[in-house]
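To start, the structure itself, in structure tokens.
The values are calculated or read from the model by the stated rules, or taken from the named source; none is laboratory data. The structure presented is a predicted model; accordingly, all values stated were derived computationally and were not measured. For neighbour counting, all protein chains shown are included, and Cβ atoms are generated from backbone atoms with ideal geometry for every residue, glycine included.
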Amino acid sequence: MVQPDLLPQLSWRRPSPRMWRARLLLLSIVAVPVVVVVVVVAAVAGGAAPAVATAVVLLVATAFVGSVLHGRYRSWRYAERDEDLLIQRGLMFRRVSVVPYGRMQFVDMTAGPVERVFKLATVQLHTAAAATDARVPGLDRAEAERLRDRLAALGEARAAGL
Amino acid sequence: MTDLPTHWARLHPLSPIVHAGRLLGALAVVVGLRQVGSRGRQPLWVDGAAVGVALVGGLVSWLVTRWRIHNGELQVETGLLRRQSVRLPLTRLQAVDVVRPLLGRVLGLAEVRVVVAGHGSSRTRLAYLGDERADSVRAQLLALAHGLDATTPTAPERPIIAVPGSRIIAAALLSTPVLLVLLAVVAAIAVAVVAPRAGLAALGVIGPVALTIGLGVARRVGAEWEFALAESPDGLRLRAGLLQTRAETIPLARLQAVRVLEPLLWRPLGWVRLEIDIARRRDHDRAEHESTTTTRALLPVGPPDLAHWLVKRLLPGASVDRPAQSRAPLRAILRAPLMHHHLAAWHDARYVTCVTGRLRRATVVVPLAKAQSFRWVQGPVLRRLRLATVHVDTAGRHFPGTALLRPADEAAAWVTDLPVLARAARQRP
């Protein structure tokens, strides 16, 4: 259920497919213990039939959450244009951010524990405006470093005052 | 004649008294209450000691603080245990403000605040100098900052706006919260006449709310009393204040957005308010008593013609006259039924203008040259209605440009066009 692009003529890039595996790992870390505990409690308290029923309900719910996460993962894309960076994301609430390179104050690259396991990183742009929301998660480490260095170089070349 | 010190100089010897002044005021209230409450049986030495400590602290801080002009820098050294030394290149100076707290006015002292652009602690204070000295130091610092000789006479000012105090009070009272509280108080009194116990209980609930709102009104009146705006070659100068007066220069180059407010209750009188948003760092640039919600008004209350003239003066070529086709489409009423009658947005090559508001109409003009980023947002409801919202983010913190509920195709065109227009606007001199 991926929406058509708002600006289809651009050459969009996507986060690494490993980002989806990382999200899936996070989902299973939360979902597996919950499903097991609830099903065991249901089996002990009510017997086989309620246990099977709760298991089916929980698995369907987990599958739904998983599909939403997958849609969200698929919605991320970014494009480096000559003068600005475009980031598109969101499934229900779709957002497109445009950040001119000249407006960039600094770029940072972070990698949380799960991202590190999958050799991923997040690149974030900061401007003087607090509302600017320019983040690209789930990038391959090498691609993240390339993007960070390129953005930093472009930001320096095109820097504009407040 | 110049009186900027080239050798280390101290601040005015009465400074510690003004520094301790705030504490003195608070103590006076506490002592007064206690004297009334306990008929003078409380010992006074505790309070006396507190005043003494405050005065000694102020005296020590005065003794260890010194300043001078050296090598084209304003140098300030302060602190007894943790020495702090500020070197401030005068060429980076943005504005010099003169603030006079109540006690300072009584003693004839004023604080000089030096505002610079950039990072770190961006405000340096000389607290306090003699009254006339402060004004001449201000003029000389500005002259040096512009590369002129310090003895250059102050640039002449041309007054453009003066708002009488009575109008400030009337405008502050004519606000929706004040009206609601007044209605609530009247209703509670009416109930009290019929059923005393219920009425008093209601008054007990309304009382604190009324007090809070009353204090807000008093604060605004106090800050904007005798508001005067003047034009001078170095920018717009603003003077206002009842107890504490401030004289500041508005750094127009750092202007991020202009907003014209038309509250519902002011409409019969034909009054509007014009506010500006200035790029400032999160905490350093803010004076202690200024809350995050206060914005700088360039016209606290006045006729629309004057506000429109000011908009054109601040942003050449900008207009707040709504062009055709700028209203939000009729279907937007499903998403924002209470705001739809005001919603509008349009842009030209240099400015984005957005009109929002339910009861109070707010027109925000953002110069594209100041836009930091653009965001296009569409939720499920807006997608069904074929609408989208475009945000124009600026470095100001109070009112970003938000073009709410535009037709989807127009919003998409904005996202493509605005960055290009913004780049052109930035490169224009």
Among B:Leu90, B:Leu129, the single one that is in contact (Cβ under 8 Å) with a residue 60 or more places away in the chain, more than 23 Å from the chain's Cα centre (by Cα) and away from every other protein chain (no Cβ under 14 Å) is B:Leu129
Does B:Ala170 fit the bill of being out of contact with any Pro (no Cβ under 8 Å at 6 or more places or on another chain), assigned to a strand (DSSP E or B), more than 24 Å from B:Arg125 (Cα to Cα) and among the hydrophobic types (A, V, I, L, M, F, W, C)?
-> no
Take B:Ala422 and decide whether it is touching a strand residue (DSSP E or B) at 6+ places or on another chain (Cβ under 8 Å), assigned to a loop (DSSP other than H, G, I, E, B) and facing another protein chain (nearest Cβ under 8 Å).
-> no
Quick one: count up the residues across segment A:110-138 that are among the polar types (S, T, N, Q) and more than 7 Å from chain B (Cβ to nearest Cβ).
-> 3
What residue, among those in segment A:73-121 that are among the hydroxyl-bearing types (Ser, Thr, Tyr) and touching a helix residue (DSSP H, G or I) at 6+ places or on another chain (Cβ under 7 Å), is modelled with the highest pLDDT?
-> A:Tyr73
The condition from (1) under 14 Å from the mean Cα position of the chain (by Cα); (2) away from every other protein chain (no Cβ under 14 Å) that B:Leu203 misses is numbered (1)
Do you know which of the residues in segment B:210-266 that are within 14 Å of chain A (Cβ to nearest Cβ) and in contact with a Ser or Thr (Cβ under 8 Å, 6 or more places away or on another chain) is modelled with the highest pLDDT?
-> B:Ala257
For segment A:60-83 the number of residues that are aromatic (Phe, Trp, Tyr) and within 12 Å of chain B (Cβ to nearest Cβ) is 0
Identify the single condition in (1) away from every other protein chain (no Cβ under 14 Å); (2) at pLDDT 50 or above; (3) more than 11 Å from the chain's Cα centre (by Cα) that B:His284 does not satisfy, given that it satisfies every other one.
-> (2)
Scanning segment B:378-404 for residues that are surrounded by fewer than 21 Cβ atoms within 10 Å (Cβ to Cβ) and not β-branched (Val, Ile, Thr), the one farthest from the chain's Cα centre (by Cα) turns out to be B:Arg384
Those residues of segment A:110-139 which are surrounded by 16 or more Cβ atoms within 10 Å (Cβ to Cβ) and either in a helix (DSSP H, G or I) or out of contact with any strand residue (DSSP E or B) (no Cβ under 7 Å at 6 or more places or on another chain) (or both) amount to A:Glu115, A:Phe118
With the checklist (1) assigned to a loop (DSSP other than H, G, I, E, B); (2) surrounded by 13 or more Cβ atoms within 10 Å (Cβ to Cβ); (3) out of contact with any strand residue (DSSP E or B) (no Cβ under 9 Å at 6 or more places or on another chain); (4) not acidic (Asp, Glu) in hand, flag the one item B:Val217 doesn't pass.
-> (1)
Counting only residues that are surrounded by fewer than 21 Cβ atoms within 10 Å (Cβ to Cβ) and at the interface with chain B (Cβ under 7 Å from one of its Cβ atoms), how many does segment A:84-109 have?
-> 4
Qualifying positions in segment B:363-404 - in contact with a His (Cβ under 8 Å, 6 or more places away or on another chain) and either more than 12 Å from chain A (Cβ to nearest Cβ) or touching a residue at least 40 places away in the same chain (Cβ under 8 Å) (or both) = B:Leu368, B:Phe374, B:Pro400, B:Gly401, B:Thr402, B:Ala403
Would you mind telling me which numbered condition in (1) more than 13 Å from the chain's Cα centre (by Cα); (2) touching a residue at least 40 places away in the same chain (Cβ under 8 Å) B:Ala218 fails?
-> (2)
Specify the residue that is surrounded by the most Cβ atoms within 10 Å (Cβ to Cβ); the eligible residues are those in segment B:405-416 that are free of Cβ contacts under 8 Å to residues at least 24 places away in the same chain and more than 9 Å from chain A (Cβ to nearest Cβ).
-> B:Glu410
Counting only residues that are farther than 19 Å from B:Arg386 by Cα and of a type in the set (A, V, I, L, M, F, W, C), give me the strands (runs of 3 or more DSSP E) lying completely in segment B:318-372 with at least 1 of them.
-> B:351-356, B:361-367
